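Can you read through this structure? Questions will come right after.
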Amino acid sequence: MNSSFAKKTLTITVILLITLNLFIFICAYPETYTPSPGISTSGDILSKDFSAYYVGAWRLWNTPSKIYQFGALGGSEPVTPPRPEAYKYLPSFLLIVSPLLTLDYQQALTAFDIIQFLFLPLMAYMLYNLLNKKHLAISIAVMTIVLLLPLPGTQWGLFPSYYWQWGEGQAKVFLTFLLLLSFYFGKKGRPILSGIAFAFGFFDPRFGLLAIPLYAMYNRKNYKIAAVSAIISLGLSNLMLLYPGMGISFVAMAFNNAVSTPLYYYSLIPFLTLMALIIVNFKEVVAAFDYKGVFANFTGPEKSDFVKIG
């Protein structure tokens, strides 16, 4: 994918994909103002998912033990009718959301969507670097999954993932951005920065766990430093779990609620991004975990390009 033709083709593709996503953003914008059943099949009127982050960030600084409590607490807590959605992530994510508390709820939701939309060109740039040795068709396919994710045959049109990502003020683009950033730093030989980005991208552990094979692959030349950086960063950014009542509430939420949460359309953005990267880098992923050369016969003539970590 180093030819001038390939670069121009990919550049035009990325511009078209992001332009189409901007159209989806504009269509979804009115949804951010209206409590509705959203993507839920229960039919209940719900606040936007962003309400969980906004109210959770407020609770982090005011009533830390109540971060994972469902429903409104009243008092001076921000009001998000009919009630704030349940917060289901590690508390580290609330540190990132906290600056948005300087805005009112609706302004903060819009700002969060805009910030995430502005990440799309950066995500395209990182993908270009992560896929620069892959066939042009493969790169275009992965870019399309990450930047637009068309899903035909749904009741919400061709692009339900991004429609509800923007309409609900969801965080899945931000999560995908952080994980791609960790891979990018790993490939560039910066394992400490890779570990920090990976730790903050681990705020939804479901996708953090799925990303571990890719994290190991992109950091295979510096895997020890990358592992230590990720572990230390994850621990330090979530030290607030030691606050009385917060840790046990997180565990209860994880087993009683988060584990049973389905992969809604917006969750397919990070999920299919990670799966696509695992598939197109399958040999490299296998080689990164091939401590004793067990799979050497299955990696073909390219096996000499991979550094075994053992």
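What follows is calculated from the coordinates using simple rules that are stated; it is not laboratory data. A quick note: this is a predicted structure, and the numbers were derived from the prediction, not measured. Ideal geometry is used to build each Cβ from the backbone, glycine not excepted, and the neighbour counts take in all protein chains shown.
Would you mind giving the three semi-axes, in whole Å and largest first, of the ellipsoid equivalent to the range 48-180 according to its Cα gyration tensor?
Here the semi-axes work out to 33, 17, 12 Å.
With everything on Cα atoms, drop me the angle between helix 205-218 and the longest principal axis of the chain, reported from 0 to 90° to the nearest 10.
Between helix and principal axis, roughly 20 degrees.
Charges only on Cβ, +1 for Lys and Arg, -1 for Asp and Glu: so what's the dipole of the chain about the Cα centre, in debye to the nearest 20?
Taking the Cα centre of the chain as origin, the dipole is about 1200 debye.
Then there is this: Any chance you could run the full-extension gain for residue 251 through residue 236? It's 0.36 nm times the residue separation minus the Cα-Cα distance, nm to one decimal.
So the extension gain works out to 3.6 nm.
Quick one: Debye curve from the alpha-carbon atoms of the range 139-274 only, equal weights, vacuum; give me log10 I(q)/I(0) at q = 0.10, 0.18, 0.22 Å⁻¹ to two decimals.
With no solvent term, the Cα-only Debye profile gives -0.38, -1.06, -1.27.
Still on this model: Hey, got a sec? Which trypsin sites (Lys or Arg not before Pro) in the range 163-233 land in a DSSP loop and have at most 15 other Cβ atoms within 10 Å?
Qualifying residues, ordered by number: 188.
Follow-up question, since we're still on this one. What percentages make up the Cα-Cα pair-distance distribution of the range 90-167 when the bins are 5 Å wide from 0?
P(r) over the range 90-167, rounded to whole percents: 3, 13, 17, 17, 17, 16, 11, 5, 2, 0.
Whole-Å semi-axes of the range 23-116's equivalent ellipsoid, largest first, each the root of 5 times a Cα gyration tensor eigenvalue?
One finds semi-axes of 21, 17, 12 Å for the range 23-116.
For the chain, take the longest principal axis of its alpha carbons; what is the angle in degrees between that and the long axis of helix 4-28, to the nearest 10 within 0 to 90?
Taking Cα atoms only, the helix is inclined about 10 degrees.
Want the number for residue 156 to residue 15: 0.36 nm per residue separation, take away the alpha-carbon distance, what's left?
Here the segment from residue 156 to residue 15 would lengthen by 48.4 nm.
So what is the relative contact order for the range 82-182, in percent, with contacts set as C-alpha pairs under 8 Å and at least six apart?
Dividing the mean separation by the residue count of the range 82-182 yields 27 percent.
Just to confirm the number: angle between the C-alpha axis of helix 191-201 and the first principal axis of the chain, 0 to 90 degrees, nearest 10?
40 degrees
I'd like to know how the chain sits against the 2.2 N^0.38 Å rule of thumb: what's its Cα Rg over that expected value?
So the Cα radius of gyration is 1.04 times the expected 2.2 N^0.38 Å.
For the range 240-289, what ratio Rg/Rh do Cα atoms give with a Kirkwood hydrodynamic radius?
Over the Cα atoms of the range 240-289, Rg/Rh equals 1.21.
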